[in-house]
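To keep things clear, I will list the structure first and then write my remarks on it.
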Amino acid sequence: MTMTAPWDAFFRSLPPAPHIDAKKIRGNVSDEAKQLSANTFAYFTTGSGLSTNVPFASEIGGRLRVVEANVRHDDRTGDAEAEIIVEIEVTESMCNVYGTMHGGCAAFMLDPSTVSSAILLGLVKGFDGSGVSQNMNVHWHHPAPLGTTLVITARSVFADGRARLSRCEMRDKSSGKLVVSGTHTFLNAGRAVKL
């Protein structure tokens, strides 16, 4: 990764994500890409101490842990897909009155997870994968009761020009049952890239 763009300098300037050792993150990308991804994820979910404003749901965001980062290349088409896997335990602050994860909490976690997959793809391919939300489609399949550990898998689907699209699945870690799935479209405000 030898980028010098302003966004690259910004991502590299972020403080290390607390409690994250890149060597413990599984996946096929470099430790540098893993650490940059974890640092960026922590910044967007907690502010990493750099923001004067406390980000929405930062208590929950601070407990989301990046556990795996992969980029897969399709030699036939030349396309690439980035994957970020995050884990979190459902706690009381995430639940509705029925003791299951609130739908709004699921949508909140889908946002940084899906954007992080596009940011990872950008780090590896040399473009700014970040963006601002345009549309989220969230589908709830099964409840996640208090105490459930969720595995959130987000994959980049499309990045061209300023448009980015990622998809996400949240599963119960112990049963594998699908809890939530969704897609997230977002636009980068910077210069358009052609991949």
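Regarding Glu87, is this residue charged (D, E, K, R), within 22 Å of Val71 (Cα to Cα), open to solvent by 30 Å² or more (accessible area, probe 1.4 Å) and modelled with pLDDT of 95 or more?
When the stated conditions are applied, Glu87 passes them.
Quick one: which residue in Arg76, Arg72, Arg63 is in contact with a strand residue (DSSP E or B) (Cβ under 6 Å, 6 or more places away or on another chain), open to solvent by 60 Å² or more (accessible area, probe 1.4 Å) and assigned to a loop (DSSP other than H, G, I, E, B)?
Matching residue, one of Arg76, Arg72, Arg63: Arg63.
Tally time: how many residues in region 1-35 are open to solvent by less than 70 Å² (accessible area, probe 1.4 Å) and either touching a Lys or Arg at 6+ places or on another chain (Cβ under 7 Å) or at pLDDT 90 or above (or both)?
9
List the strands (runs of 3 or more DSSP E) inside region 97-195, counting only whole elements, that have at least 1 residues being surrounded by 21 or more Cβ atoms within 10 Å (Cβ to Cβ), in contact (Cβ under 8 Å) with a residue 60 or more places away in the chain and small (Gly, Ala, Ser).
Fully inside region 97-195 and qualifying: 149-160, 178-187.
Considering only region 64-80, how many residues are of a type outside the set (Gly, Ala, Ser), more than 15 Å from Ser116 (Cβ to Cβ) and at pLDDT 90 or above?
In the first step, residues of region 64-80 are kept if they are of a type outside the set (Gly, Ala, Ser); the result is 64-68, 70-77, 79.
From the residues that got through so far, the ones that are more than 15 Å from Ser116 (Cβ to Cβ) too are 72-77, 79.
Narrowing the set further to residues that are at pLDDT 90 or above leaves 72-76.
Of the residues in that region, 5 qualify.
The values are calculated or read from the model by the stated rules, or taken from the named source; none is laboratory data. These numbers come from a predicted model, not from an experiment. Backbone-built Cβ (ideal geometry, glycine too); neighbour counts: all protein chains shown. SASA here: full protein model, heavy atoms, side chains in, ligands and nucleic acids out. Shrake-Rupley method; radii C 1.70, N 1.55, O 1.52, S 1.80 Å.
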